[in-house]
Amino acid sequence: MSTAGKVIKCKAAVAWEIKKPLSIEQIEVAPPKAHEVRVKILATGICRSDDHVLSGALTVPLPMVLGHESAGIVESIGEGVTSVKPGDKVIPLFIPQCGKCRTCRSARGNLCSENDLSKISGLMLDGTTRFTCKGKSLHHFISTSTFTEYTVVHENAVAKIDDDAPLEKVCLIGCGFSTGYGAAVQTAQVEPGSTCAVFGLGGVGLSTVMGCKAAGASQIIAVDINKSKFPKAKEMGATECVNPLDFKKPINEVLFDLTGGEGVDYSFEVVGRTDTMTAALASCHNNIGTSVIVGVPPTASQLNLDPMLLFTGRTWKGSVFGGWKTRDYIPKLVSDFMGKKFILDPLITHTLPFDKINEGFELLRTGKSIRTVLTF
């Protein structure tokens, strides 16, 4: 393309400071260096993790270009890039897959050592940034930064997808859907006939419900304090819905009552709160139950629990990006969507132009949206 090798001036939403709206600015996006890819973003979703930054719950270096759930088209590539070419449809990946580190070589994990999630630096792998605005450098967000018309990612953090894929839908496979669905089918490996509880019915939680249903769970209990989400949860596969505020007893005791005193086989915490993490663990069968932490915990938060919850045999584990090895599986998930093996439309409640990004965040905060997709 004619812009290859040149700095691109484009529109982006910049987070200058916490607890302030994002600011629509003109930024400069540098060309990709060796093994990097510059992507024209065409659709990006608003995820709760982005809002965690704005609220201050997740500490990152500012100013920053947020956004991590998206799809776009390759504009240009740096020297040595072989897996994608200009014009390819792609999904940026907030968990890279280098293929060389111990995790990438193991069948048991997916958190590549080149990730910028474990300790967020806000920089490319070479320790620099590709964004500037008003003479100031802007940080990148977890290897992606998609609240911008153009972004630069490492080749290890982008996956080529089906040329016919509708980007305004499959962008959800860049985070929300894959994270929730994979937590059930990949991380927990829910078994047919099992009982499940999902805490939190946002886009990721509802995707977890979908994963439990796809795995053949016989009982899927959806848990949320916002009853307006219950009809959507049942549409996605929940067999029953409970609001913890409707009960005087702890929610884990309620779930034991709903499962004949056994507790669920699998529970999923998709909120990002330490109290619901321990409640989800306590809701599991005391010996063979598995609880999966899916929601991003607040920075510097600590867990306090009775060790007997684990001593009796429960399994407690985390799930990042649904446990998928990203460059291997994201293209396959897009192909499965194209083959109608699952649907994404019910998760997308609002589609807005990019300029209305702050309105999209308000829809999220007030519980009026499941997923808002921004288009450029």
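The values are calculated or read from the model by the stated rules, or taken from the named source; none is laboratory data. Note that the structure is predicted; figures quoted are calculated from it, not measured. Glycine gets a Cβ as well: all are built from the backbone with ideal geometry, and neighbour counts include every protein chain shown. Ligands, DNA and RNA are stripped out before the accessible areas are found, and what is left, the full protein with its side chains, is counted by its heavy atoms. Shrake-Rupley method; radii C 1.70, N 1.55, O 1.52, S 1.80 Å.
Structural remarks
- Number of positions in the stretch 6-21 that are open to solvent by 10 Å² or more (accessible area, probe 1.4 Å) and over 15 Å from Ile41 (Cα atoms): 8
- Scanning the stretch 24-41 for residues that are surrounded by 17 or more Cβ atoms within 10 Å (Cβ to Cβ) and in a strand (DSSP E or B) returns Glu25, Ile27, Glu28, Val29, Glu36, Val37, Arg38, Val39, Lys40, Ile41.
Here's the yes/no breakdown for (1) part of a loop (DSSP other than H, G, I, E, B); (2) at pLDDT below 95; (3) surrounded by 24 or more Cβ atoms within 10 Å (Cβ to Cβ):
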residue: Thr146; (1), (2), (3): yes, no, yes
residue: Thr151; (1), (2), (3): no, no, yes
residue: Asp162; (1), (2), (3): yes, no, no
residue: Ala165; (1), (2), (3): yes, no, no
residue: Leu172; (1), (2), (3): no, no, yes
residue: Ser178; (1), (2), (3): no, no, yes
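- Leading residue by the ranking (surrounded by the fewest Cβ atoms within 10 Å (Cβ to Cβ)) among those in the stretch 44-67 that are outside any loop (DSSP other than H, G, I, E, B) and in contact with a Lys or Arg (Cβ under 8 Å, 6 or more places away or on another chain): Ser55
- Residue list for the stretch 339-351, restricted to those being open to solvent by 70 Å² or more (accessible area, probe 1.4 Å), on the phi < 0 side of the Ramachandran plot and not in a strand (DSSP E or B): Lys341, Ile343, Asp345
- Residues located in the stretch 299-335, provided they are surrounded by 14 or more Cβ atoms within 10 Å (Cβ to Cβ), part of a helix (DSSP H, G or I) and within 19 Å of the chain's Cα centre (by Cα): Phe321, Gly322, Gly323, Thr326, Arg327, Tyr329, Ile330, Pro331, Leu333, Val334
- Single condition Ser76 does not satisfy, out of (1) touching a residue at least 60 places away in the same chain (Cβ under 8 Å); (2) of a type in the set (Gly, Ala, Ser); (3) over 24 Å from Lys11 (Cβ atoms): (3)
- The set of residues from the stretch 352-376 being open to solvent by 30 Å² or more (accessible area, probe 1.4 Å), among the polar types (S, T, N, Q) and in contact (Cβ under 8 Å) with a residue 60 or more places away in the chain comprises Asn358, Thr375.
- Strands (runs of 3 or more DSSP E) fully within the stretch 85-144 counting 3 or more residues that are open to solvent by 10 Å² or more (accessible area, probe 1.4 Å): 136-140
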